[in-house]
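Working notes, structure below.
Every number here is computed from the coordinates shown, using simple stated rules; none is lab data. This one's a predicted model, so the numbers in the text were calculated from it and none came from an experiment. Neighbour counts run over all protein chains shown; Cβ positions are idealised from the backbone, glycine included.
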Amino acid sequence: KDSLRELGQKVGLRIGAALNPDLLGTDAAYTKIAKQQFSTVTPENVMKWEVVEPAKGTYDWSGGDKLVDFAHANHQRVRGHNLVWHSQLPKWLTPDGFTTTYSSAQLKAILKKHVQDEARHFKGKIWQWDVVNEAFNDDGTPREDIWYKAYGNLDYIADAFTWAHQADPKALLFYNDYNIEFTGPKSNAVYSLVKKLKARGVPIQGVGFQTHLDTQYPYPDLRANLTRFAALGVYVAETEVDVRTFTKPDAMNTPVDGVHESAQVAYWSRTIQDCLSVKACISYTPWGFGDAYSWVPGVFAGEGAALLYDEQLQPKQAYTVIQQDL
Ligand code: XIL
């Protein structure tokens with residue numbers, strides 16, 4: 001059977017994965033799958049602000065550069081992730097992750113410099129940038145992070161897109177979030193935001209649906225949501241797909257029993273079919289590809305087995321079903 005990237009190419013859809021460049025070259029099986037299976041890659045962590053500017057004014061692009069070089073050597077495109085977010089910020093900017101001693105004026109200048117410097121550094125090498133990540137709460141109210149507080153509103157979003165576009169005019173600029181797969185206050189808030197940005201001429205070309213799903217919740221009305229966002233004139237993408245479930249917990253929250261695995265397989269199948277059914281859906285990216293490396297067990301108690309490959313990097317039923325659906 002063909003690889004996911006080959007099957008995707010036949011239907012005009014790029015299949016991706018979040019990658020950790022530390023494993024490229026050190027884990028042979030991981031490296032092989034990363035090359036063979038995917039035609040777009042996302043840095044899981046190495047382009048985040050805390051990594052790229054660990055001390056104020058001191059940049060470390062090494063992880064991001066390594067990932068970009070790997071991608072280009074293997075004819076893969078890169079989803080840059082991310083420029084503006086409330087999380088994984090450097091300690092010098094916010095020691096506790098919530099507050100900062102910088103003034104509003106200083107924060108605006110810091111944000112502008114960061115967006116411009118990072119987008120310029122990777123200029124011409126990024127297919128899609130997640131310019132702003134996770135700006136809303138689940139109830140649709142704005143997340144009151146340091147950027148929101150500095151501006152007193154959500155105008156930092158328009159600024160970030162404008163700066164990113166100036167720095168790298170060819171990159172497709174995305175707003176990215178979770179829990180917007182289903183219709184509700186949060187996806188409505190993002191929908192209104194995108195509509196307003198488009199009306200104001202702000203350069204936004206896409207919306208990323210993270211798609212971190214959990215079999216204990218109903219499958220979202222993702223197709224309807226992708227469709228209504230696409231009607232605004234933006235691309236859409238599934239950017240961080242994983243399907244977690246309750247497992248028999250060990251260190252990695254594996255293995256999973258047959259009943260839970262069947263539920264996961266059904267969810268995976270629907271995620272790819274939903275993207276395939278919407279013309280504007282231009283990429284489909286699981287958040288990694290081996291259960292041993294997944295972020296899920298560390299964050300969601302008792303849950304795991306959320307990816308297409310098991311902890312020995314063997315493809316699971318979910319992999320086979322994606323292959324069939326493509
Ligand atoms: C996660 C990474 O997978 C972890 O390794 C890290 O410790 C925390 O961040 N939404 C996002 C991603 O946009 O950046 C997050 O990635 C997962 C949730």
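Summary table
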read-out	value
Extension reserve of the ASN153-GLN88 stretch, reckoned as 0.36 nm per residue once the Cα distance is removed	21.3 nm
Space enclosed by the convex hull of the alpha-carbon atoms of segment 45-156, per residue, Å³	105 Å³
Two-site label geometry, GLN36 and SER192: point separation in nm, points 7 Å out along Cα→Cβ	4.9 nm
Cα-based helix-to-principal-axis angle, 155-167 vs the chain, degrees rounded to 10	80 degrees
Principal-axis tilt of helix 185-199 within the chain, Cα atoms, nearest 10 degrees	50 degrees
Stokes-Einstein D for the chain, Kirkwood Rh over Cα pairs, 4 °C, 1.567 mPa s (µm²/s)	65 µm²/s
Kirkwood Rh, angstrom, segment 218-265 [1 / mean 1/r, Cα pairs]	13.3 Å
17 Å cut-off, amide nitrogen to a point 7 angstrom out along LYS123 Cα→Cβ, residues in segment 154-192	161-173
Beta bridges by DSSP in segment 1-139, antiparallel share as percent, to the nearest 5	10 percent
DSSP-defined beta bridges in the chain - what % are antiparallel, rounded to 5	15 percent
Degrees separating the helix 258-276 axis from the principal Cα axis of the chain, which is the longest one	60 degrees
For GLU53, distant residues with modelled amide H under 5 Å away	ASP60
Mean shadow area of segment 165-256, taken as a quarter of the surface of its Cα convex hull (nm²)	7.7 nm²
Given LYS48/LYS149; LYS48/LYS279; LYS108/LYS279; LYS112/LYS198; LYS113/LYS279; LYS149/LYS195, the pairs whose alpha carbons are separated by over 26 Å	LYS48/LYS279; LYS108/LYS279; LYS113/LYS279
Gyration tensor (alpha-carbon) shape descriptor, segment 191-230, a/c threshold 1.5	prolate
Cβ crowding within 10 Å averaged over residues, with 204-211, 20-27 ranked highest first	204-211, 20-27
